[in-house]
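Each reported figure results from applying straightforward, stated rules to the coordinates on display, with no laboratory input. Because the structure is predicted, anything quoted here is derived from the model rather than measured. Virtual Cβ from ideal backbone geometry, glycine too; neighbours counted across all protein chains shown.
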Amino acid sequence: MKGTSASAIALAAALMASAASAQSLDVVCSNEQAWCDLMAQNFRIDTGIDVAMVRKSTGEVLAQIRAEAGNPKVDVWWGGTGDPHLIAANEGLTTASGVDTSELLGWAQNMADMTEGRAIGAHVGLLGIFYNTELLAQKGMPVPSCWRDLTRPEYAGEITLSNPQSSGTAYTQLATLVQLFGEDEAFSLLGEIARNVNQNTRSGSAPGRMVARGESTISVGFMHDMVNLKKQGFPVEIVSPCEGTGYETGAVSIINGTPNFDAAKVWVEYVLSAEAQSRGLEVGVYNIPSHPAATTDPEAPDMASVKLIDYDFATYGSSEMREHLLERWGVEIRSQGGNFEE
Amino acid sequence: MKRTAGLWLLIGLAAFCLLPWYDVRGSFWHFRWFDTLSTQDAPAILWAIGERPWLWLPLLGLILSAAALFLVKSPVKQAQALVISGALGLGLLIGQGLFVVGFGARATVFEGVTQPGMGMGAFVFAAALLFIITTGISGLGRGRGDAFITGMVGAIVALVATFVFYPMAFIFTSAFELRGGQGFGLTEFLPRFFAPDIWSLACVTGRGQCGVAVNSTLLGLATATGTTVMGLAFALIFTRTDFRAKRLLRVLTVLPIITPPFVIGLVLILLLGRSGTLTVFFGDLFGIEKTRWLYGFWGVWLAQMLSFTPIAFLVLIGVVEGVSPSMEEASQTLNANRWQTFRNVSLPLMRPGLANAFLLGFIESVADFGNPLVLGGNFNVLSTEIYFAIVGTVADPAKAAILSLILLSLTLTTFVAQRLWLGRKNYATVTGKADSGRNAALNPALRWTCYALALPWAAFTLVLYVLIVFGSFTRLWGYDHTLTLDHYRRAFNIVVRNGVHFTGAAWDSFFTTLSIAAIAAPLTAAVGLATAYLLVRQNFAGKNAFEFSTLLSFAIPGTVIGVAYVMAFNFPPIELTATGLILVICFIFRNMPVGVRGGIAAMSQLDKSLDEASSTLGANSFTTLRRVILPLMGPAILAALTYSFVRAITSVSAVIFLVSARYNMATSFLVGRVENGEYGIAIAYSAVLIVTMLAVIIALQLAIGRRKLRRTDRLETT
C-alpha cells in the first residue's frame, strides 16, 4: 500500500513536470485526412503550439458545434464546403478572427466580407463531370461534355449522383444548375437526368470513387478529388461542362466562445499563408488555394481555364433558399427518378 | 446494516470535506488538484462556506441519516429514516445540479449564479447517499435483507438512469418540439410519425420504394432468421459432431466480429460489385450482364449475415453446450431415435439461446449503420435516415427523434415477442446432480444439413479475409496489384532517432482506441453479468421494469445515443464531452445488454439448487456469486469481455459524435479514409486491428479458460 502511494506521488510529480507546455489547440478538420494530419504536423513544428486534430464531415461538425454552442470543445474548424461555414456564421456559432485578408484572392475576401470576418475562404473546388474511360468504351457510349449531355438516353442507369439532402457537393451542383438555367428549367433538366441515375449517394465524394472503381460510369463531383483519383491510376477522365460550372469555397472559422482564441487566430493566419497552403500538393490536395502565392499542380484545375459561373453565395447559401430548393428536389426529383432499378 | 450505513456515511463526509467537488481541469488521476485544493479545486465544504451556500442542502441528507443511525433505536424505524434522509439528500443534490447550471445554457432559476460540472467529490458523495438508501431498503427486509443485493440493484438503476434515461430525455423532448422554437405539441409529431416515406408498403404491393421502417423490419427479420440458423448450424457442428477442422471454424466464426465496420462492405464491393473480381470472372465466363445487384437489400443482408452470424453463434454455443446429456440419454433410453431426441428434447431446451440469438440479430441488424451506408444504394433504413437527419444538409433533430421512436418500438416489439415465446418454462439442466452422460450425436441428415450451411459460408468468409490481407499489401486493389508496404508505412511508421517516435498517421487513434476498449471491457462485463445475476437469481419489486431498462440502451441506435450524449453531457451538472470517459461510459451502456443476455442465457441453465446449497452452507449472496456462480460462468464472462472489448474497437455510429481532438478512435479515422477513397490504408489499418483483437481474444481465452461441467470426451461416437 505504502509502495503504491509513493509511486502514485512520483507519477503525479512527473506528469506535472511534463504538463509545462503552454498553449494547445483543438482543431476539427473537414478536409482529407492526410491533409488534416500534414497541416497539424507543420503547424506544431512552425509555431510550437500543440494541436489535437480530428476529422469530421461538415454535416457532423455543424451538428456538433450546434450541440456544443456556448461551451465549445473545439477551437477552430478548418475545411469543408463553405455553406455550412456560412450557416454557422449566420447562427452565431463562429466568431470573427480579425485576421487580415487583404493579400488573399478575391473570392476568399468576399466570403470574409459576407460573414463579417467569421469565415474566411481557404480554398476553392470546381464542379466537374467524371467518367470511366474503360466502361464508356466497352459500352460504346459517347463522351459527355456538357450538363445537357447527361440526359442522353444512352446513359440510362450509368450515372451516379449524390443526394443534396445529405451532401454539400450535391447541393452545390443543384445551386449551380439553378443559376445556369433558371430554377424551372434546371429542375426539368435534373428530372431528365434522374431517369439515367442509378443511385443518389449520401456522400458527395462517393460517386467519383464508384466511377473510378468501375461500379458506375459517369458521376458529378469536385474536380480536385477527381485529379487525385486519376493520379492514383484509375482509368478516368475529367470534363469541365461546356455551359459553365459552379464551385465551393472551403473556409476556416473560429468557434464562438473558445477559451483558446489567440492560438486559434494563429491557426487561421497559418492555414491562410502561402507556405502552409503550398504543402497540400505533398498529399494529393489539388484544389485552388486562397493565397495567390501558393504553388499549384499543373494538372490541377485552375479558375482561368474553366468556364465559371458567378456563384451567388449570399443567395444560395441562405437557409431559406436552401430549404426551398431541397424541398423541391425531394418532391420533383427524388420521387420521379434517382431510383433506377436494374 | 448499521456498520454498512456508517461506513458510507463516513465516505460521504470525506467526499464532502476532502475531495474536489467540481470537475478538475485536466484529469483527476493526475492529482494536480492537490496544488489548488484551496482555490478552484476546493471540496464542497469550502465552496458552501464561500460563494455557493446551496451546497449545504445535500449535506442535510447526510446529517439526517447520521442522526437516524445514532438516535433511532428500532431497526425498522431506523431503516425507514435512512431511506428517507438518503433520498432527500440525493434529491437535493440532483436538484441543485439541475437548477444552478453554468453558462446559462439551460433555464436557470437564479440569475447570475453558476457552477461548473460535478467532479469526483460530488460523485463519491452521491454514491454514498445512494448506498445509504439501499442499505436502508435492505434493512426493511427487501432483497432478502441483503445489503449487497439492494446495493447492486440501486447502483445499476442509478447508472442506467443517468447514462441512458437522462440523455434520452433530451432526444425525446425534441420529437415533440414544434418548428421555430414554438414549444411542444402533437400537431407536427403525428403527421410526421405516420408519414408514407416511413410506412409505405409500395415494394410489396407494386412498384416503388418501401418506407424506411418497413425496410428496416424486413431486413431485421431476414438477418435475424439467417444468423440464428447459421449460428445454430455452427454450434451443432462444434458440440455434436466430430468435425476435424473445428479450430479453423472457430477462428472463422470469430473473425467477422472483430472486423472494423465498412471492411466487409468494401471487400464485398471489390468481389461482387459491378466491376468486382468474381462478377467479372463469372460475367465473362457465362456472358451474364454485370449488374449492381449488390447495392440494395441483398447486399446489405449479405454483409450483415457475414457480420452478425458470429454473435448468434457466441450466444448459441454456450446454450447448446449446456444442454445436459442426461436429458438426451433419457430420451434415447425411451427408444427415441436421434432425430426425435434432437427435435423434441435438445431443440426445445435450446430455446433461450435461439430466442436471444434472434433478438440480438434483429437489434444488430436494424441498428447497423456501416453496412447500409456502404451497400445500401437506394435502399434506405432507419439507422442511416436518423444519421442523415442529424448530420444532413438540413439538420432535423425532431425527425431523428421520431425515427428513433419508431426504431425503438420495433426492437421493443421483438423483445416482447421473444418473452412471450419463451414463456415461463424452466430450461435449467445443469444441476448439482451427478451427470456424466454423453451428448447424442446428430443424425446424418441433420449433420449434413449443418455442414452444407456452414462450410460454404466458412469458405466464403475465409476468402474475404485472405483478400483483406492481400488488399492491404497491394498498391491499388483492382488495378495495380504490385505488392507494397506503403499502406502500413503510412499508418504505422516508427522513426528511431533521438528516441522512438510513432510518426504513422494511425498511431494516435490506435493507442486511444486500445486503452479505451481495455478500460471499458471489464466494466461492461461486470455491469452486464451483475445485472444478469440479479435478474435470474433475485426477486425484487419492479424486476421487469429493471430488465427492460437495462436492455433499452441496446435498442437505441448508436447515432441517437451519440447525439443524446453530446446534448446531455456538454453542460453542467455532468460535463463529459471531449473526454475519454464519455467514450468509456457510452461503450459500457451500449454493450452491457449483450453481457446481460449472455449472462441470463447461461445462468438460467444453472439450477437454483446450487445457490441454495451454498446459502445452506452459510455463504452470503456475494460469496455464492463469487465461489459458485462465477466459476460456472466462464463462457459467459468470456463472451461478455470479448464482445465489449471488440465492440469498443469496432463500433462507429455513436463514436462519430463523441470523438474529440484528443480522443480520436480508430473507426472514426477509418470513416475518414473510406470517405476519401483511400481503401488501401483503411484495409491495412483494419488488418492491424483484427490481428490485435485476435491476440487479445486468444489471451483472454487462455486466461479465463473453459468451464468444466462434465467429462470432456462426452460425444457419442458412431
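By other beta-carbon atoms within 10 Å, ranking A:E269, A:E68, A:E282 with the fewest at the front produces A:E282, A:E269, A:E68.
Other residues lying with their Cβ under 11 Å from the Cβ of B:V655 contribute a combined charge of +2, Lys and Arg counting +1, Asp and Glu -1. Ordered by the number of other Cβ atoms lying within 10 Å of each residue's own Cβ, fewest first, A:R195, B:R647 fall into the sequence A:R195, B:R647. Simple rule: put +1 on each Lys or Arg Cβ and -1 on each Asp or Glu Cβ in segment B:211-468, find the dipole, and look at B:G377, B:V315, B:A398; the Cα lying farthest toward the positive end is B:V315. For segment B:211-468, taking Cα atoms only, Rg and Dmax work out to 20.8, 68 Å respectively.
If a/c stays under 1.5 just call it rounded; otherwise compare a/b with b/c (prolate if a/b is bigger, oblate if not). Do that for chain B, with a ≥ b ≥ c from the square roots of the Cα gyration tensor eigenvalues.
Taking the square roots of the gyration eigenvalues as a ≥ b ≥ c, chain B is oblate.
Positive contributions from Lys and Arg (+1) and negative ones from Asp and Glu (-1), summed over other residues with Cβ under 15 Å from the Cβ of B:V124, come out at -2. Spatial offset of segment B:603-642 relative to segment A:299-318 amounts to 69 Å, using the alpha carbon center of each. For A:R55, the residues whose modelled amide H falls within less than 5 Å of its own, excluding neighbours fewer than 5 places apart on the same chain, are A:C29. When the Cα positions of B:G504, B:G558, B:S621 are compared along the charge dipole of segment B:487-704, B:G504 comes out farthest toward the positive end, with charges on each C-beta of Lys, Arg, Asp and Glu. Local charge sum around B:V319 (other residues, Cβ-Cβ under 12 Å, Lys/Arg +1, Asp/Glu -1)? It works out to a net charge of +1. Computed from backbone phi with θ = phi - 60° and the Karplus coefficients 6.51, -1.76 and 1.60, the 3J(HN,Hα) list for segment B:249-266 is 4, 4, 4, 5, 6, 8, 3, x, 5, 9, 8, x, x, 6, 5, 4, x, 4 Hz; x is used for glycine and proline. Per-residue Karplus couplings for segment A:87-94, computed as 6.51 cos²θ - 1.76 cosθ + 1.60 with θ equal to phi - 60°, are listed in order as 4, 4, 5, 5, 7, x, 7, 10 Hz, Gly and Pro entered as x. Of the trypsin sites (Lys or Arg not before Pro) in segment A:77-150, the ones in a loop by DSSP (not H, G, I, E or B) with at most 12 other beta carbons within 10 Å are A:K139. Taking a ≥ b ≥ c as the square roots of the eigenvalues of the alpha carbon gyration tensor, segment A:72-118 is prolate, as a/c is not under 1.5 and a/b beats b/c. Averaged over the residues of peptide A:213-219, the number of Cβ atoms from other protein chains lying within 10 Å of each residue's Cβ is 5. Only one residue of A:A194, A:Q33, A:M226 has its Cα farthest out toward the positive end of the dipole of chain A, where Lys and Arg carry +1 and Asp and Glu -1 on Cβ, and that residue is A:Q33. 3J(HN,Hα) along segment B:400-408, derived from phi through the Karplus expression 6.51 cos²θ - 1.76 cosθ + 1.60 where θ = phi - 60°, amounts to 4, 5, 5, 4, 5, 4, 5, 4, 5 Hz, with x in place of Gly and Pro.
Separation of segment A:143-207 from segment B:545-575 is 39 Å, based on Cα centroids. Residues A:H123, A:H85, B:H501, B:H487, arranged from fewest to most other Cβ atoms within 10 angstrom of their Cβ, appear as B:H501, B:H487, A:H123, A:H85.
May I ask for the distance between the Cα centers of segment A:243-296 and segment B:206-276, given as a whole number of Å? So the separation of the two Cα centres works out to 44 Å.
Take each residue of peptide B:667-673, count the partner chain Cβ atoms within 10 Å of its Cβ, and average: the result is 4.
Restricting attention to chain A, close to 60% of DSSP beta bridges with both partner residues there are antiparallel. DSSP assigns beta bridges within the protein assembly as shown; of those with both partners inside it, close to 60 percent run antiparallel.
A cut-off of 5 Å between modelled amide H atoms, ignoring neighbours fewer than 5 places along the same chain, links A:L308 with A:T245.
Loop-located trypsin sites (Lys or Arg not before Pro) across segment B:461-538 with a Cβ neighbour count of 12 or fewer within 10 Å are B:R497, with loop assigned by DSSP. The magnitude of the dipole of the protein assembly as shown, with charges of +1 and -1 set on the Cβ of Lys/Arg and Asp/Glu and taken from the Cα centre, is near 5820 debye.
Summarising the amide proton neighbourhood of A:V236: residues at separation of 5 or more, or on other chains, whose placed amide H is nearer than 5 Å comprise A:T133. Think of each Lys and Arg Cβ as +1 and each Asp and Glu Cβ as -1; about the Cα centre, that makes the dipole of chain B roughly 1800 debye. For a 4.7 Å threshold on C-beta separation, the list of partnerless cysteines in chain A is empty. For chain B, taking a cut-off of 4.7 Å between Cβ atoms, the unpaired cysteines are B:C17, B:C450, B:C586.
Assign one of three labels to the protein assembly as shown, namely rounded, prolate or oblate, based on the Cα gyration tensor with a ≥ b ≥ c the square roots of its eigenvalues; rounded applies when a/c is under 1.5, prolate when it is not and a/b is larger than b/c, and oblate otherwise.
Since a/c reaches 1.5 but b/c is at least a/b, the shape of the protein assembly as shown is classed as oblate.
Charged side chains reduced to their Cβ positions (Lys and Arg at +1, Asp and Glu at -1) give segment B:211-468 a dipole of some 600 debye around its Cα centre.
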